[in-house]
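These notes concern the structure reproduced below.
The values are calculated or read from the model by the stated rules, or taken from the named source; none is laboratory data. Quantities reported herein were computed from a predicted structural model and do not represent experimental measurements. Neighbour counts run over all protein chains shown; Cβ positions are idealised from the backbone, glycine included.
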Amino acid sequence: MTGSTIVHTTTHYATDRTRWRLRFNQGRQTWHYVSEEESKANPQTDIEKYWLDLKLDAPELPKATTALESARNAFEFFKRLQNEEGFWAGEYGGPMFLIPGLVIAYYSTSTKLPDGWSEEIIQYLFNRADKQDGGWGLHIEGHSTVFGTALNYIVLRLLGVDAEHPVCVKARGTLHKLGGATGSPSWGKFWMATLGVYDWDGMNPVPPELWLLPHFLPFHPARYWCHTRNVYIPMSYLYGRRATAPLTDLTRQLRQELYTQPYESINWSQQRNNICKADEYYPHTKFLNFLNSGLAIVEMFTPRVGLRAQALKAAYAQVKYEDENTHYLDIGPVNKCMNMLAAFYEEGKDSEAFKKHVDNNIDFMWMSGGGMMMNGTNGSQLWDTALLIQGVMESGLAHEPQNHEAMKKALLFLDDCQIKRNPPFMKEGWRDRTLGSWPFSNRFQGYTVSDCTAEGLKAVLLLQGKLDYTEERIPLERLKQAVDIVLDMQNKSGGFASYESVRGPAWLEWINPAEVFGNIMIEYCYPECSTACVLGLTYFREQHPDYRRDEIDATITRAVKYIHSVQREDGSWYGSWAICFTYATMFACESLSSVGLSYDNSEALRKACQFLLSKQREDGGWGESYKSCEQHRYVEHENSQVVQTAWALMALMAAKCPDHTAIERGIKLIMGRQQKDGQWKQEAIEGIFNHSCSISYPNYKHIFTIWALGRYANMYERKTKQN
Ligand code: LAN
């Protein structure tokens, strides 16, 4: 195998942007680089032009003078981006550690990238290199790290960019200043080891034997957070068999380019715990280091037969369950690429499994005006669509005739997107039920998420129950299934976690080996997820008061108690899935308000309002930096942000904060930033995960603005509420 022949070498790092097409198929969203003839035959749609930053002919709208008019203009624009299946597609980039897994997996398996990918991935990395030092970070807004810089440097080189290209020279300089690739966090060490440019002895062991342990042990991997568990399954398999791509001229060169000393002179076993300070967010505990030292000794004497062979079988069986349970999409892009590599080593290049993996990678790739990225999931279809519907409903816009079609189409999508089966390998793969739930993206990926199920349920209840022009697409039986799922997911604390209920003890975090993320070992409860569940159940109870009534009542009470219990001294809530205190405080206020609490009768809501009001800026807006999530304290962004202003306003209005002037100033800021065609421009990144990594929710600038403006219109501009 000669690596250099597989991914075609590129000299022009761009494609003809007018030839990209976005296709939809039952919730899947995939970009294709089509031929010139095909491109001519099918002109680009507004959706494609919008996401590619090409000019789109959205007309200028009459200037909005009220919040309602502003929301109406916004939806006029945003409707253009709804597709024929009824959902809103979108970019979901941000993390900078995803593309490397993909490109390394393609290179290691001599698989050719589809047309246009190579050029546009290079484009993306060129655009995202730090303007000052030329490196890359953990995510697009982060400082340069070894993880980001070493791995993305490798990507450029594997895709054919010359080592002496100015972008590579600059990035390499930064990598060396940071101490070279030996200081990479463990996930980077892993990918480099599979490529053959880092020695497996320099990696802390990830023994596949973990899968042979009895389940009653509190540290059994089935108890980990499903994302973490699904990353360590294929990682343990590939580690356990030291799966390494054959050396090529290029990887030989990389061995010399990535380090500050000759490759041959590196003392690998000393690199296991060498993590560059710029990368480290969650340092190893002493306990983990102690454990790893022991495991490293055991590893030296572990033969590749006997127990290890059995363990590899057990680990690969788990890879297979995950693949089969998710139509080979997998829970996320990290395990997707690892499972693809595992399938290659275990089943071979011609296997069905490997081919399915290759075919489905396209679901994660997103083409943008700045090049091609890998999304954090295979999209945010359900999430964005369900939230938007609620904004449009609350604003009353859903009743206006020009919006009926859009609402009907959205309902079709919600119908399609609900998961209608349990995972085929549920028990074996340690999965929970999925029948009746809604996922974050589409039903093929098929993981239940607590709040996505609840938001999907809310959206359906609104569309089917509150509009006189929609038909009942989703029968009560299926709504009950969703309620069953939600009821099952509550934890002892009363709170709701993300994908599953909490399965393992909190001390498992002591063995968090990932260095760059916090709180990843087990599920935790979140005010955001808990709120969605409270409201989902509340909406359902209102329309169907008899089904599991006592349990629903009790669940809501316990969840609200949980939300009260995690309010901070200053009146805020810490947000885990978007930035940060502003986001979670909005959710918490919604919960409390849904049980009849308000500024007048709740100390918690008064404190929440005071907190938010204390953060309002001169210009009337709010702006929080992603650093809040890292540092667990409110950190101001340089500028106020439309999205966060909308969140703060939604919270204040939910709490019935009496300070109308403050709310009005916020609304003015949002309206003032609206463009003539009704849209808002992209500002800072909105989302976060694992306390350290930001992620984009570009549709939020339309969804939450419409929602906040709509709420304002109802509370202050309209005499009577319409819904
Ligand atoms: C997501 C995206 C959506 C998000 C919400 C629904 C918004 C949230 O309320 C619950 C948690 C969830 C589902 C979530 C969990 C973690 C994800 C999947 C992500 C932030 C998107 C990317 C991230 C995933 C872990 C990225 C891959 C990285 C690893 C550490 C494996």
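List of remarks:
- Cβ-Cβ under 8 Å pairs, at least 6 apart or on other chains, the range 143-160 side farther than 10 Å from Leu178 by Cβ and among the charged types (D, E, K, R), far side at pLDDT 95 or above and not in a helix (DSSP H, G or I): Arg157/Ala163
- Number of the exception - Phe704 against (1) within 16 Å of the ligand (Cβ to nearest atom); (2) over 21 Å from the mean Cα position of the chain (by Cα): (2)
- Given (1) among the polar types (S, T, N, Q); (2) more than 22 Å from the chain's Cα centre (by Cα); (3) modelled with pLDDT of 95 or more, index of the condition Thr11 fails: (3)
- Close contacts from the range 442-468, counting a first residue that is assigned by TED's automatic domain parsing to the domain that holds Ile485 and a second that is of a type in the set (Ser, Thr, Tyr) and not in a loop (DSSP other than H, G, I, E, B), with Cβ to Cβ under 6 Å and a gap of 6+ residues or different chains, come to Lys458/Tyr539; Leu461/Tyr539.
- Screening Trp507, Trp438 for residues that are outside any loop (DSSP other than H, G, I, E, B) and aromatic (Phe, Trp, Tyr) leaves exactly one candidate, Trp507.
- Qualifying residue in the range 666-687 (condition: in the same structural domain as Phe581 (by TED's automatic domain parsing), in a loop (DSSP other than H, G, I, E, B), among the small types (Gly, Ala, Ser) and under 18 Å from Ser572 (Cα atoms)): no
- Among the criteria (1) in a loop (DSSP other than H, G, I, E, B); (2) within 26 Å of the chain's Cα centre (by Cα); (3) away from the ligand (no atom under 16 Å from the Cβ), the one Lys656 does not fulfil is (2).
- Filtered residue count, the range 530-548, keeping only those that are surrounded by 15 or more Cβ atoms within 10 Å (Cβ to Cβ) and assigned to a helix (DSSP H, G or I): 12
For (1) outside any loop (DSSP other than H, G, I, E, B); (2) away from the ligand (no atom under 16 Å from the Cβ), each residue gets a yes or a no:
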site: Phe190; (1), (2): yes, no
site: Thr194; (1), (2): yes, yes
site: Val197; (1), (2): no, yes
site: Asn204; (1), (2): no, yes
site: Leu210; (1), (2): yes, yes
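- In the range 289-310, the count of residues that are at pLDDT 95 or above and outside any helix (DSSP H, G or I) is zero.
- Residue satisfying all of: in the range 516-529; more than 10 Å from the ligand (Cβ to nearest atom) and surrounded by fewer than 24 Cβ atoms within 10 Å (Cβ to Cβ); nearest to Asn491 (Cα to Cα) among these: Tyr524
- Helices (runs of 4 or more DSSP H) enclosed by the range 24-104 - at least 2 residues per element that are closer than 27 Å to Thr705 by Cα and touching a residue at least 12 places away in the same chain (Cβ under 8 Å): 46-51, 67-79
- Any hit, the range 578-598, residues being of a type in the set (Asp, Glu), assigned by TED's automatic domain parsing to the domain that holds Glu664 and either modelled with pLDDT under 95 or under 24 Å from Arg711 (Cβ atoms) (or both): yes
- Positions within the range 617-644 being free of Cβ contacts under 8 Å to residues at least 40 places away in the same chain and in a helix (DSSP H, G or I), in sequence order: Lys627, Gln631
- Residue check for Glu590: away from the ligand (no atom under 16 Å from the Cβ) and surrounded by fewer than 24 Cβ atoms within 10 Å (Cβ to Cβ): no
- Residue in the range 351-372 that is away from the ligand (no atom under 13 Å from the Cβ), of a type in the set (Ser, Thr, Tyr) and buried (at least 17 other Cβ atoms within 10 Å of the Cβ) present: yes
- Condition check for Trp383: more than 29 Å from Thr15 (Cβ to Cβ), of a type outside the set (D, E, K, R) and within 15 Å of the ligand (Cβ to nearest atom): yes
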